[in-house]
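Chemist: Below: one structure in structure tokens.
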Amino acid sequence: MRILVTNDDGIHAPGLATLEEIARELSDDVWVVAPESDQSGVSHSLSLNDPLRLRQAGEQRFAVKGTPSDCVILGVRHILADKGPDLVLSGVNRGQNVAEDVTYSGTIAAAMEGTILGIRSIALSQAYGAGGRQALKWDCARTHGAKVVRKILETGIEPGILVNVNFPDCEPEEVQGTSVAAQGFRNQALLSIDARVDGRGNPYFWLAFAKARFEPGHGTDLKAIADKHISVTPLRLDLTDEPTLTRFAQAFKE
């Protein structure tokens with residue numbers, strides 16, 4: 001099995017090194033094509049107005065001055081043009097990608113791009129908690145990652161579907177199980193604007209999330225990782241809402 005590994009945190013990210021270890025448990029034919037720099041939050045964007053710069057960063061490792069989606073396309077259509085990958089693994093992201101994160105995440109987008117190209121694709125992310133981004137428990141993803149990916153592949157991924165996996169903020173032995181979960185939704189009242197002033201008196205702003213408690217919905221990815229479960233969520237490329245489609249079709253017939 002040929003595996004293409006990518007991410008959105010950049011070629012030097014510790015999560016990418018973790019994912020390489022996971023991939024090598026599954027295959028000895030692993031190729032890495034990742035962004036040159038951090039591309040978190042770029043979603044499914046493509047570099048249409050700038051050229052893609054490619055740099056070899058090691059044996060079967062390449063850095064791209066572009067987005068995660070660019071990396072997958074360049075990896076499949078150029079670097080591995082002779083024999084394409086059988087699997088795209090994206091991550092391991094620094095921080096969870098659950099609920100509405102999936103619409104912003106470059107990690108998810110890379111798996112989306114792989115799915116569009118007809119390749120089985122899985123996104124993996126490691127949640128963090130009160131310790132912050134500098135205290136991620138990478139061993140959780142490292143220990144359980146290959147087993148989860150194997151189970152997903154054995155079960156099968158249908159065309160047009162990608163799989164989103166999130167590891168909870170705990171040590172490997174503290175994981176309470178694996179939950180196949182629906183995409184959750186956060187309380188959007190927590191989203192806030194952090195307004196500041198620079199040294200010259202000019203205003204600038206950071207997007208921020210207020211720290212407050214809310215109850216994640218039962219059966220969701222948010223609830224799974226809160227309960228120290230690994231969450232596995234299948235996502236569809238087809239965003240059509242069938243009930244609304246039927247309702248609108250009936251309305252426009254009148």
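The values are calculated or read from the model by the stated rules, or taken from the named source; none is laboratory data. Just so you know, these numbers come straight off a predicted model, no measurement behind them. Cβ: placed from backbone, ideal geometry, glycine included. Neighbour counts: every protein chain shown. All accessible areas refer to the heavy atoms of the entire protein, side chains included, with ligands and DNA or RNA removed. Shrake-Rupley method; radii C 1.70, N 1.55, O 1.52, S 1.80 Å.
Chemist: Among residues belonging to the stretch 169-224 that are modelled with pLDDT under 95 and among the polar types (S, T, N, Q), point out the one that is surrounded by the fewest Cβ atoms within 10 Å (Cβ to Cβ).
Modeler: Ranking the candidates gives Gln188 first.
Chemist: Related question: Pick from the stretch 17-73 the residues that are under 22 Å from Ile152 (Cα atoms), more than 14 Å from the chain's Cα centre (by Cα) and aliphatic (A, V, I, L, M): which of them is surrounded by the fewest Cβ atoms within 10 Å (Cβ to Cβ)?
Modeler: For the stretch 17-73, the residue satisfying everything is Ala17.
Chemist: Do any residues in the stretch 99-121 that are closer than 17 Å to Asp70 by Cβ have Cβ atoms under 6 Å from those of residues that are acidic (Asp, Glu), where the two are at least six apart or on different chains, and which pairs are they?
Modeler: Partner pairs satisfying both residue conditions: Gly106/Asp8; Thr107/Asp8.
Chemist: Are any of the residues in the stretch 245-254 aromatic (Phe, Trp, Tyr) and open to solvent by 80 Å² or more (accessible area, probe 1.4 Å)?
Modeler: Yes - at least one qualifying residue is present in the stretch 245-254.
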